[in-house]
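Down below is the structure, laid out as structure tokens.
The values are calculated or read from the model by the stated rules, or taken from the named source; none is laboratory data. What you see is a predicted model, and the numbers here were worked out from it, not measured in a lab. Ideal geometry is used to build each Cβ from the backbone, glycine not excepted, and the neighbour counts take in all protein chains shown. The area values use the complete protein model at the heavy-atom level, side chains included, leaving out ligands, DNA and RNA. Shrake-Rupley method; radii C 1.70, N 1.55, O 1.52, S 1.80 Å.
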Amino acid sequence: GCGKTTLLRCVADLERVTGGEILIGGEPPRRMRKARKLGLISQRPAVLPWKRAIDDVRFTQKVTGREGFSAADILADFGLSGHERKRPHELSGGMLQRVNSASAIAHDPELLMMDEPFSALDEMKREEMGDWFANELRKRPRTVLFVTHHIDEAVMLSDRIVVMSPSPGRIHEIVSVDAPRPRPREFRSSDG
């Protein structure tokens, strides 16, 4: 209720700002969107109901004209080996969200926006996906706007955490996470 999703939608050029401006590398979001350099993982899976999982991932690559990852490999990385040919109605909610995530990152976007991408996953799968993204960001650095209610996820995956106040949404605090990468799972419960 404080505007996190609305902020991501404005950065993705899906909604207009009512005041101020958003710049990405000095450019308005529209340029990044038109250049197909954005990826958005929404809270609810945005998959095409008539496409198989692998075809949904390939569709993003076709639309963007960029194949950053092998569709089969990224689905396997997300624990979906053996499910590539299934349609959305044949997949669980967590599986759909992983297809959604694979589709959003398949073209290797420069700016990735993630709106509570792990919320439909069980705790084990959530940690696995967090580990995958942490490793991937180390190999292929990019800017990520990541919305989460889980403090441990924010600490594990972020360099800076923006804490927002309740409605009306305002930036309450920006906290730097000055810890070297990679951050082992034990970092979640450490004092450092």
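Heavy atoms only, probe 1.4 angstrom, no DNA, RNA or ligands counted: give me 124, 113, 32 ranked by accessible area, highest first. Please report the intermediate quantities before stating the final value.
Numbers: 124 145, 113 0, 32 25 Å².
Ranking 124, 113, 32 by accessible area, largest first, yields 124, 32, 113.
Tell me, in nm to one decimal, what length is gained between residue 186 and residue 90 on full extension, where the rule is 0.36 nm per residue of separation less the Cα-Cα distance?
Values: separation 96, 0.36 × 96 = 34.56 nm, distance 3.57 nm.
Using 0.36 nm per residue and subtracting the Cα-Cα distance, I get 31.0 nm.
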Explain nothing, just the number: dipole magnitude of the chain about its Cα centre with +1 on each Lys and Arg Cβ and -1 on each Asp and Glu Cβ, in debye rounded to the nearest 20. 840 debye
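Return the carbon/sulfur percentage of the accessible area of region 1-75, one whole number, probe 1.4 Å, all protein chains in place. Before the final figure, lay out each step's value.
Numbers: 2260 of 4510 Å².
Answer for region 1-75 is 50 percent, counting heavy atoms of protein chains only.
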Under Karplus coefficients 6.51, -1.76 and 1.60, residue-wise ³J(HN,Hα) of region 122-132 in Hz, glycine/proline x: 6, 4, 5, 5, 4, 5, 4, 5, x, 4, 4
With +1 on each Lys and Arg Cβ and -1 on each Asp and Glu Cβ, and nothing else charged, work out how big the dipole of region 1-110 is about its Cα centre, in Debye to the nearest 20. 340 debye
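Compute the orientation-averaged projected area for region 1-154 from the convex hull of its Cα atoms and round it to one decimal in nm².
On the way: hull surface 37.4 nm².
The number I arrive at for region 1-154 is 9.4 nm².
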Taking 0.36 nm per residue of separation and subtracting the Cα-Cα distance, what length does fully extending residue 155 through residue 23 add? 45.0 nm
Accessible surface of residue 132 - all protein chains present, 1.4 Å probe, nearest 10 Å²: 40 Å²
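At 1.4 Å probe size, put 177, 144, 162 in order of accessible surface, largest to smallest.
On the way: 177 20, 144 45, 162 75 Å².
Putting 177, 144, 162 in descending order of accessible area: 162, 144, 177.
Which whole-number value in Å² is the accessible area per residue of region 66-192, probe 1.4 Å?
Details: 6870 Å² over 127 residues.
Here the residues of region 66-192 average 54 Å² of exposed surface.
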Taking a probe of 1.4 angstrom, what is the accessible area of residue 164 in Å², to the nearest 10? 60 Å²
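Of 136, 27, 123, 21, which has the most accessible area with a 1.4 Å probe, and how do the rest follow in descending order? Working shown, then result.
Details: 136 10, 27 70, 123 100, 21 145 Å².
The ranking, largest first, comes out as 21, 123, 27, 136.
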Once you put a point 7 Å from the Cα of residue 175 and another 7 Å from the Cα of residue 67, both along the Cβ direction, what distance in nm separates them? 4.2 nm
